Amino acid sequence: MLSAPDLTAALPAAQTAIDHAVTHVLGHQPRNIRYKGDRDPVSDVDEGVEHLVRQLLTADGHSEIGFMGEETGAVGNPDTYWVLDPIDGTINHHHNNPLCAIALGLVHHHQPVLGVTALPFLGHRYWATHGQGAYRDGDPITASRVAAVVCGKK
C-alpha cells in the first residue's frame, strides 16, 4: 500500500499544473461545445486543460499517483489520485462570463488531502492541504464562525 503522499512536494506540483492550466484557459476561447449528458457540457478547452494537467502531473515524478479527470476518467492508483475538473463553468467560459474555475484535488484513501482552485478571469487562487490550513492568494483564510444564518427581517 502506498503511504500518505508528501504534501510538501504535491502542493508545488499542483500549483505548477494549475499555473499552466490558467495560462491555457486565458489563451483559448472554446470553439466546440458538446454535451456528454443532459446538462454536462464539455469544450475543446476543457479537454486541452485536462490533457495538459494530466501530462504535467504524471511527468513530474508523481507517477505513483493516479489521475481522475472529468473528461477522460480514471487511470492508475485507486488509493491515491489527483482529481480534476478542468473548467467548472464551461458554459460561463463559453459566454465570456468570468465565473468559472479550474479545480484540482488530491485524494488519499477516499479522503481529500489537498486542493487548489483557480479563478482564471478573476485572478484568484485558493488552496488547502490537510493539517496546514487554507489560503486565498497566499493569505490564510478560515471558515465562518457563524453558527446559524438567519434570513429575513427581524
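The values are calculated or read from the model by the stated rules, or taken from the named source; none is laboratory data. The shown structure was predicted, so the numbers you read here are calculated from the model rather than taken from an experiment. Here the Cβ is made from the backbone with ideal geometry for all residues, glycine too, and neighbour counts use every protein chain on show.
Quick grid of which residues meet (1) touching a strand residue (DSSP E or B) at 6+ places or on another chain (Cβ under 8 Å); (2) at pLDDT 95 or above; (3) part of a loop (DSSP other than H, G, I, E, B):
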| residue | (1), (2), (3) |
| --- | --- |
| Ala17 | yes, yes, no |
| Arg39 | no, no, yes |
| Thr58 | yes, no, no |
| Glu64 | yes, no, yes |
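Taking the criterion of being under 17 Å from Asp85 (Cβ atoms) and either crowded, with 19+ Cβ neighbours inside 10 Å or touching a residue at least 40 places away in the same chain (Cβ under 8 Å) (or both), the residues of segment 1-23 that qualify are Ala14, Gln15, Ala17, Ile18, Ala21, Val22. The sole residue among Leu84, Leu104 that is free of Cβ contacts under 8 Å to residues at least 40 places away in the same chain and within 26 Å of Asp6 (Cα to Cα) is Leu84.
Of Pro112, Pro78, Pro86, Pro98, all but one fail to be at pLDDT 90 or above, in a strand (DSSP E or B), of a type outside the set (S, T, N, Q) and surrounded by fewer than 16 Cβ atoms within 10 Å (Cβ to Cβ); the exception is Pro112. Residues that are part of a loop (DSSP other than H, G, I, E, B) and within 27 Å of Thr23 (Cβ to Cβ) were ranked within segment 136-154; the one that is nearest to the chain's Cα centre (by Cα) is Asp137. In segment 31-38, the condition of being touching a residue at least 24 places away in the same chain (Cβ under 8 Å) and within 21 Å of Ala9 (Cα to Cα) is met by no residue. List the number of the failed condition for Ile87; all other conditions in (1) touching a His at 6+ places or on another chain (Cβ under 7 Å); (2) closer than 20 Å to Thr8 by Cβ hold. Ile87 satisfies every listed condition except (2).
I'd like to check something: does segment 44-51 contain any residue that is surrounded by 17 or more Cβ atoms within 10 Å (Cβ to Cβ), in contact with a helix residue (DSSP H, G or I) (Cβ under 7 Å, 6 or more places away or on another chain), without any contact (Cβ under 8 Å) to a residue 40 or more places away in the chain and outside any strand (DSSP E or B)? Scanning segment 44-51 turns up at least one residue that is surrounded by 17 or more Cβ atoms within 10 Å (Cβ to Cβ), in contact with a helix residue (DSSP H, G or I) (Cβ under 7 Å, 6 or more places away or on another chain), without any contact (Cβ under 8 Å) to a residue 40 or more places away in the chain and outside any strand (DSSP E or B). The set of residues in segment 115-135 being surrounded by 13 or more Cβ atoms within 10 Å (Cβ to Cβ) and either in a strand (DSSP E or B) or of a type in the set (Lys, Arg) (or both) consists of Gly115, Val116, Thr117, Ala118, Leu119, Arg125, Tyr126, Trp127, Ala128, Thr129, Ala134, Tyr135.
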